[in-house]
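The values are calculated or read from the model by the stated rules, or taken from the named source; none is laboratory data. What you see is a predicted model; the values in this text were computed from it and never measured. In this analysis, Cβ positions are derived from the backbone assuming ideal geometry, glycine residues included, and neighbour counts consider all displayed protein chains. Note: areas computed on protein heavy atoms with side chains; ligands, DNA, RNA excluded. Shrake-Rupley method; radii C 1.70, N 1.55, O 1.52, S 1.80 Å.
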Amino acid sequence: VQLQASGGGLVQPGGSLRLSCAASGSIHRTNAMGWYRQPPGKQRELVATITSGGSTNYADSVKDRFAISRDNGKNTVYLQMNSLEPEDTAVYYCNLGFLAFSYWGQGTLVTVSS
């Protein structure tokens, strides 16, 4: 299984970005995909997850600003990030989990700065 993330970049505070992550390989139909992030000098943390059935979970810090969605036919997960703040600056990683397996993408850098 491979995960390919894209969409990071530099954005001003208050701006928006959309991250995408496409999974390929042998993937169980029942799975969860999600986004995690690692701010500079800090540990990796949960941002949002979504199951193949559409159930979502968000970190409190992003709940009213970010939206996770997925296209099951394309095995792709998206993260729409609005009202970005400097504190959102981090490397964002996508994750795919099913059965006892967990896979990570390569990470994409999001920098929120004026």
Which residue pairs have Cβ atoms under 6 Å apart, sit 6 or more places apart or on different chains, and have a first residue in the stretch 55-80 that is among the charged types (D, E, K, R) and a second that is open to solvent by 50 Å² or more (accessible area, probe 1.4 Å)? Arg65/Asn82; Arg65/Ser83
Conditions (1) aliphatic (A, V, I, L, M); (2) open to solvent by 60 Å² or more (accessible area, probe 1.4 Å); (3) touching a helix residue (DSSP H, G or I) at 6+ places or on another chain (Cβ under 7 Å): number failed by Ala22: (2)
Show the residue pairs that are 6+ apart or on different chains and have beta-carbon atoms under 7 Å apart, the first residue being within the stretch 3-27 and closer than 15 Å to Met81 by Cα, the second being open to solvent by 30 Å² or more (accessible area, probe 1.4 Å) and of a type in the set (Phe, Trp, Tyr). Arg18/Tyr78; Leu19/Tyr78; Ser20/Tyr78
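Looking only at residues that are part of a loop (DSSP other than H, G, I, E, B) and aliphatic (A, V, I, L, M) in the stretch 42-80, which one is most open to solvent (accessible area, probe 1.4 Å)?
Initially, the stretch 42-80 is screened for residues part of a loop (DSSP other than H, G, I, E, B), giving 42-44, 52-55, 59-65, 75.
If we keep only those that are aliphatic (A, V, I, L, M) too, we end up with 59, 62.
Details: Ala59: 20, Val62: 1 Å².
Filtering the stretch 42-80 for residues that are part of a loop (DSSP other than H, G, I, E, B) and aliphatic (A, V, I, L, M), the one most open to solvent (accessible area, probe 1.4 Å) comes out as Ala59.
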Are any of the residues in the stretch 71-83 of a type in the set (Lys, Arg) and more than 23 Å from Gly9 (Cβ to Cβ)? no
Condition first: in contact (Cβ under 8 Å) with a residue 60 or more places away in the chain, assigned to a strand (DSSP E or B) and among the small types (Gly, Ala, Ser). Can you find one or more residues in the stretch 81-104 that meet it? yes
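Provide a single number: the residues in the stretch 105-114 that are closer than 15 Å to Glu45 by Cα and in a strand (DSSP E or B). Spell out how you get there, then give the answer.
Within the stretch 105-114, the subset closer than 15 Å to Glu45 by Cα is 105, 107-110.
Checking the rest, the ones that are also in a strand (DSSP E or B) come to 108-110.
So the answer is 3.
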I'm trying to understand the selection: among the residues of the stretch 24-33, which are under 13 Å from Thr76 (Cβ atoms), out of contact with any Lys or Arg (no Cβ under 9 Å at 6 or more places or on another chain) and assigned to a strand (DSSP E or B)? Ser24
